[in-house]
Amino acid sequence: MSCEDCHSFREDGSFAGIPKVENCTGCHSEPQGKTVAEKVLYQEYVSKNREIPWLVYAQQPENVYFSHVQHVKRAEIACERCHGAHGKTDTLRPFERNRISGYSRDIWGRSISRISRASWEGAKMDDCIDCHAERGVEDNCLLCHK
Amino acid sequence: MSDIKKPQTKPSRLGMVIDIDKCNGCGSCMVACAVENNVPPVPQAAGERKAITWLKVYRVSNGQEFPNHRTAFIPVSCQQCGTHTPCVSVCPQQAVDVDPQTGVVGQMPERCLGCRYCMAACPYHARYFNWWDPVWPAGMEKALNPAVSPRMRGVVEKCNFCHGRYHAARAKAAAEGRTELAPGEYLPACAEACPTGAIKFGDLADQGSEVSQMASGEQAFRLLESLGTESKVYYLTRQPWVRQLAATPLKNGREEKHG
Amino acid sequence: MGTMLSPLPWKLLDDVSIWTQNWSWIPKPPKGAVSFKYTNCTLCGSGCAAQVRCIEAEPVSLAGIRSDIGLGFLCPLGLVAHHLRYHPDRVTQPLVRAKGDELKPSSLDDATRVVSGKLQRLAQQTQPSDSYLAILGNRPGTAGSDALLALLARFPHAAYVGCPNDGDGVSVLGSMVEGDQDWALDIANSKMVLSFGAPLLEGWGTSGRMLAQFASSDRKTRLIHVEPNCSLTARAADVWLSIQPGSEAALALGLANVLIEAKLVDPSATCPDLEVDSPYRKLVAEFSAERVAGLTGLKPEVITQTARAIAQEGPALVISRGYVSGPVSRAEELAIQGLNFLLGNLDRPGGALARPSPSQSQVAGPTPASQPGPGVVRALAAIPDGSVELLIVDASSGNDLPPWAAVQPKLSPDQAVVVVLAGLPTAWAQRADVVVPSPVFGEAIEELPGNVDDTANSLRLSARLVDPRPGLFNLLDFVNHTAVAAGLATSPVSYEDAAKQKVAAIHQAGIGNVVSPADGQAKAVTDYSSSDELWTALAGGARWENAAPEAIKPATRRFSLAGPDSGDVERMRKAAAQRGGLADVAPSEYPLTVVSAEGWAYDSKVSPLLAKITWESGLHAERTCMINPATAAKQGVLAGTTVTVQTPSGSLDVPVTLSEEIMPGVLLLEDPTGEDQSGLMTGTDATCRVMPGRLEVA
């Protein structure tokens, strides 16, 4: 499966983000395998038609506008570059919330000094600006803020 | 990085041409702007000075008595100054900047610390301060526009030529594999709402566009032109008294009602 | 010191600054997929087409549709229509008033009991009792109103009075010729328009089309506008005739006089049945340009020039205000519409065109079973005073209703029960004995009749955009519900089913086109395979139209003023000579003239964002009395002072705004007969737009 099978783009270029449970039900209307995780998915969410309360690693503040279509379709950046090899793992890394800022630890990155990080460790504004500067792309404020 | 594609969008100079003779003061532009940008309502007891109207239609008159009295309506939003942007030069926080790509003067309320220096600097009184947190009637928050984030108290806001719509238009173009926006693909809410076509929007740098042709016509002028702000909002009128009024600060209305 | 060199304090600072940006008390607009729905606005009679931008299922903004006949206009009210359902003062449950008490929340059963009891009594009454059931309906000419008329036919005494609208003047025109037709004004094709106060640029007819046609100075249609004050329409007109208030009838007769005397028209051709010595001709002869100059304040040569212009540069289509702020004065309307006859404006493009009325039309007409009964009275004036025991008022949408002061004399002094259907607590709702909650914009399907300037037969629906809360009723469904409870009906046709039947009739007749709001493309009705498919298109905001309905066009038209006087000519004489009754009044007692505003009337209570164009900017005045500065100085009144405006029929406390657009000696009131309900503007001859007045500092 590719990332876009569930995290799809709409016709107007907007990003569907984390899909609703009906997306999962599309395949998992009946249990497909034997894992515990799928059993929980089916029992707690699909059968009750209840939305999964996802915790989002990449959650940005309300005033941030990030356009996935510009980065994926136009700049052709691979999903892994910012999100890590998410889809190839069997389990997800734990979601750790920064107690002060309220966002995921992944936004600052695991390394407090921010030295020698992988490309997906860190989603602060500085990281976006750095990448834009390297590639010589527009970096005007209102491009990414709303 | 050499394998990363870098398709560049051509720079533009987004501007507006407003035909004063066509404006009939209906106010649709003002309300459309408020709906699009989640502009908060303001407590009535505070009065007009503390109101927030990103786009404000001013009623001006020729100063004559009945029956020779005539009014004109002049919609004024941020004039998107060009060369010398007073607000950008005074902001201690760099909470406002000029986009080299489009020429739009973008206000970032999230960076603003609320000193209101920019409000004093703006010769057009086009900037508004959030004296209060926004309060919407219960349930109406669900009907807010997600393309524009609401502001807290203590920050200044102003017209950004509907950046929410700009984002959406560029996203759509990218989804269709284009780097350029087609003319008319992106329209601020005021231009879309105007029933008489008084507000026209487009790329002033594009010689063939309607706005660039209108802006270089004889009837075109800008407000307070002598200040040299090189604003990108042009006005048209055939009435000499309106043109004269626009050259100088107004004696009543604007100066009296704003701090 | 070492800590400063570590990342710790910097990250702490960064985290804290991010924390300060988490404005948790600021609403975060819900995110989701953007979709577009289409509908037509219900907030006034114009019914402008709107594209609704929705996030998931929630409407977040509206915009006009350029391909529609309204050319993409949405007034400020329409732009915030989606806010209505969140109005903090929304009526959410029935309210019932016990005698002498105040309105208290109640239950549907209670409300039903009160109303059905009355219905039973009224249905079963025998002679000589003549107690009336009266309904003030909001949208006559729709399937719902036709079904209502059929129900009313079962009552010995019943009245159905439609809401006043811009086309009321044209209804008077219709009453001046034979036949049961609707008349429409083909303004789009007129070379010239003579407007007697019609606020063409301030929300009249199909507002967007009027704005597009008249707002620009390089327009194809010349506009002569007659109005005392310099309104937005007067300002835009090619010629503005500032007459004394109340002298419209005099000017109309004066123009008729010049048209005939100067042989600018040939009455034998345009009004062949108008005899030379008829009372109407004699009346016209009495109002020479000189006499009319004295009555109107215009110079005689201006009157002559205007007559010349309307005959030779047009001929001009003559338009009156219709109802905007008060019931139509019939005498004044007759004088104005008489000009249309003399100019030969009937049955020609650019003039007044007859459309088959719904009862005659082969499509979009009621089925035979729902024909209106002959005994149902249709005019407020025809209801005997003190006879109405049950009054049901549809205050659910934005249309104006007759002023309370005009309706109240019709109510039985001790037996009357007033039922009001409303979504918001309007002034009418305050007067009610029973208030029933009704749906607001977007919550229910509503059929919208065509406007006075729409020469096509058309049908539009306002769509259901959101799920409504339970317990909301529209007029027909509530009357049906109570009629069933009273045992007067078993399974009546619901509002939506009545509309579906109408659409099915259109589908069966196979006439007309459906214009899609998404792309402006027209599709013939015959291309829809079933009436359900047609219904789905219309319920999705599309517009059905039969652009060239078979017009009723007899060889000659009999002109009601042609022969002996039935009283109309005498009434016209009085109205013209006495400036609508103003000349009767002693100037020492009432030195000023009160007129009501005809233009945009925005109520910032409808949505918090409407305040942007009222008090937040000062663009439009709200609840104010506008007065010329010279007059204000003479009266000793400053801007912002609250004054008491008094007329012979009522008084009102209101703040003052100074404006050089107002004629000296005139007080302009914003919507005095609507929400204020002050009875200020109730005059004789149902003239509620011009009254003698005085003011005192409150």
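Taking all protein chains in place and a 1.4 Å probe, what share, in percent, of the accessible surface of the range C:39-164 do carbon and sulfur account for?
52
List the GluC sites (Glu not before Pro) in the range B:162-212 that DSSP assigns to loop (not H, G, I, E or B) and whose Cβ has at most 13 other Cβ atoms within 10 Å. Which are they? Intermediate results must be reported in sequence, preceding the final value.
Numbers: sites: B:Glu176, B:Glu180, B:Glu185, B:Glu192, B:Glu210; in loops: B:Glu176, B:Glu180, B:Glu185.
Qualifying residues, ordered by number: B:Glu176, B:Glu180.
Once C and A are treated as a pair rather than alone, how much accessible area drops out, both sides summed, in Å² to 100, probe 1.4 Å?
1300
Probe radius 1.4 Å, ligands and nucleic acids ignored: give me the carbon and sulfur share of the accessible area of the range C:585-697 as a rounded percent.
It is 55 percent, rounded to a whole number.
In deg cm²/dmol and to the nearest 500, what is the mean residue ellipticity at 222 nm of the protein assembly as shown if only DSSP H runs of at least 4 residues count, each as -39500 (n - 2.57), divided by the residue total?
Counting only the DSSP helices, I get -7000 deg cm²/dmol.
Which of the residues in the range B:160-189 show a loss of at least 20 Å² in accessible area from their chain by itself to the complete set of protein chains, at a probe of 1.4 Å?
Residues losing area: B:His163, B:His167, B:Arg170, B:Ala171, B:Lys172, B:Ala174, B:Ala175.
So how tilted is helix A:125-135 from the main axis of chain A? Cα-based, degrees 0 to 90, rounded to 10.
Approximately 70 degrees, to the nearest ten.
Going by a 1.4 Å probe on protein heavy atoms, which residues of the range C:626-671 end up with at least 40 Å² less accessible surface in the whole assembly than in their chain alone?
By number: C:Glu660, C:Glu661.
With solvent modelled as a 1.4 Å probe, how much accessible area in total do chains C and B shield from it at their shared surface, in Å² to the nearest 100?
In total, chains C and B hide about 5100 Å² from solvent.
Write down the accessible area per residue of the range C:187-350 in Å², having rolled a 1.4 Å probe over the full set of protein chains.
30
Can you give the convex hull volume per residue for the Cα atoms of the range C:1-58, as a whole number of Å³?
Residue-normalised Cα hull volume stands at 135 Å³.
With the other protein chains left in place, how much accessible area per residue, in square angstrom, belongs to the range A:1-137 at a 1.4 angstrom probe?
About 66 Å² of surface per residue is accessible.
Between helix C:568-577 and chain C, what is the angle of the helix's C-alpha long axis to the longest principal axis, kept within 0 to 90° and rounded to the nearest 10?
80
Got a sec? Which residues of the range A:104-129 lose 30 Å² or more of accessible surface with every protein chain in place, vs. that chain alone, 1.4 Å probe?
Buried on complex formation: A:Trp108, A:Ile112, A:Lys124.
If you wrap a convex hull around the alpha carbons of the protein assembly as shown, what volume per residue comes out, as a whole number of Å³?
It is 203 Å³ per residue.
Below 8 Å between Cα atoms, with a sequence gap of 6+, how large is the relative contact order for the range C:585-697 in percent?
37
Using a 1.4 Å probe over the heavy atoms of the protein chains, calculate the carbon and sulfur portion of the accessible area of the range C:207-258 as a whole percent.
Working: 540 of 1190 Å².
The C+S portion of the solvent-accessible surface of the range C:207-258 is 46 percent.
For chain B, with every protein chain kept in place, what is the accessible area per residue (1.4 Å probe, Å²)? Each step should come with its number before you reach the end.
Numbers: 10510 Å² over 259 residues.
Heavy-atom accessible area per residue stands at 41 Å².
Restricting to Cα atoms and excluding each atom paired with itself, what does the Kirkwood estimate give for the range C:585-697 in Å?
14.3 Å is the Kirkwood radius here.
Say the cut-off is 20 Å between C-alpha atoms; which of B:Lys50/C:Lys612; B:Lys200/C:Lys31; B:Lys158/C:Lys37 go over it?
Violating the 20 Å limit, Cα to Cα: B:Lys200/C:Lys31; B:Lys158/C:Lys37.
Based on a Kirkwood Rh over C-alpha pairs, give the Stokes-Einstein translational diffusion coefficient of the range A:7-146 at 37 °C and viscosity 0.692 mPa s in µm²/s.
The Stokes-Einstein estimate is 189 µm²/s.
Identify the trypsin sites (Lys or Arg not before Pro) of the range C:62-158 meeting these criteria: DSSP loop state and at most 12 other C-beta atoms within 10 Å of the C-beta. Each step should come with its number before you reach the end.
Details: sites: C:Arg66, C:Arg85, C:Arg90, C:Arg97, C:Lys99, C:Arg113, C:Lys118, C:Arg121, C:Arg154; in loops: C:Arg66, C:Arg90, C:Lys99, C:Arg154.
Those satisfying the criteria are C:Lys99.
Expressed as a whole percent, how much of the Cα-Cα distance distribution for the range C:187-350 exceeds 29 Å?
13
C:Lys634: which lysines have alpha carbons under 26 Å from its alpha carbon, excluding same-chain residues fewer than 8 sequence positions away?
B:Lys251
Please compute the average number of Cβ atoms from other chains found within 10 Å of each residue's Cβ in peptide A:54-64. Could you put the intermediate results ahead of the total?
On the way: counts 0, 0, 0, 0, 0, 0, 0, 7, 12, 10, 2.
Partner Cβ neighbours, averaged per residue: 3.
Hey, what does the equivalent ellipsoid look like for chain C, semi-axes from the Cα gyration tensor as sqrt of 5 times each eigenvalue, largest first, whole Å?
The equivalent ellipsoid of chain C has semi-axes of 41, 33, 29 Å.
Looking only at the range C:585-697, where both bridge partners belong to it, what percent of the DSSP beta bridges are antiparallel (to the nearest 5)?
Values: 17 of 24 bridges.
Roughly 70 percent of the beta bridges in the range C:585-697 run antiparallel, per DSSP.
Just in the range B:124-155: which chymotrypsin sites (Phe, Trp or Tyr not before Pro) are loop by DSSP and have at most 13 other Cβ atoms within 10 Å?
Details: sites: B:Tyr124, B:Tyr128, B:Phe129, B:Trp131, B:Trp132; in loops: B:Tyr124, B:Trp131, B:Trp132.
In loop regions of the range B:124-155 (DSSP not H, G, I, E or B), there are no sparsely surrounded chymotrypsin sites (Phe, Trp or Tyr not before Pro).
Just from the alpha-carbon atoms, what are the Rg and Dmax of chain B in angstroms?
Rg, Dmax (Cα atoms, Å): 18.7, 72.
For the range B:1-122, how big is the tail of P(r) above 19 Å, as a whole percent of Cα pairs?
Looking at the range B:1-122, the distances longer than 19 Å represent 65 percent of pairs.
Using only Cα atoms and rounding to the nearest 10 degrees, what angle (0 to 90) does helix C:8-20 make with the longest principal axis of chain C?
30
B plus A alone minus the pair: what accessible area, both sides summed, probe 1.4 Å, in Å² to 100?
By this definition, chains B and A bury close to 2500 Å².
What is the average number of partner chain Cβ atoms found within 10 Å of a Cβ in A:10-19?
Across the residues of A:10-19, the mean count of other-chain Cβ atoms within 10 Å is 5.
The values are calculated or read from the model by the stated rules, or taken from the named source; none is laboratory data. Computed from a predicted model, the values in this text were never measured in an experiment. Heads up, the Cβs are rebuilt from the backbone with ideal geometry, glycines too, and the neighbour counts pull from every protein chain shown. Heads up: the accessible areas ignore ligands, DNA and RNA and are worked out on the full protein's heavy atoms, side chains in. Shrake-Rupley method; radii C 1.70, N 1.55, O 1.52, S 1.80 Å.
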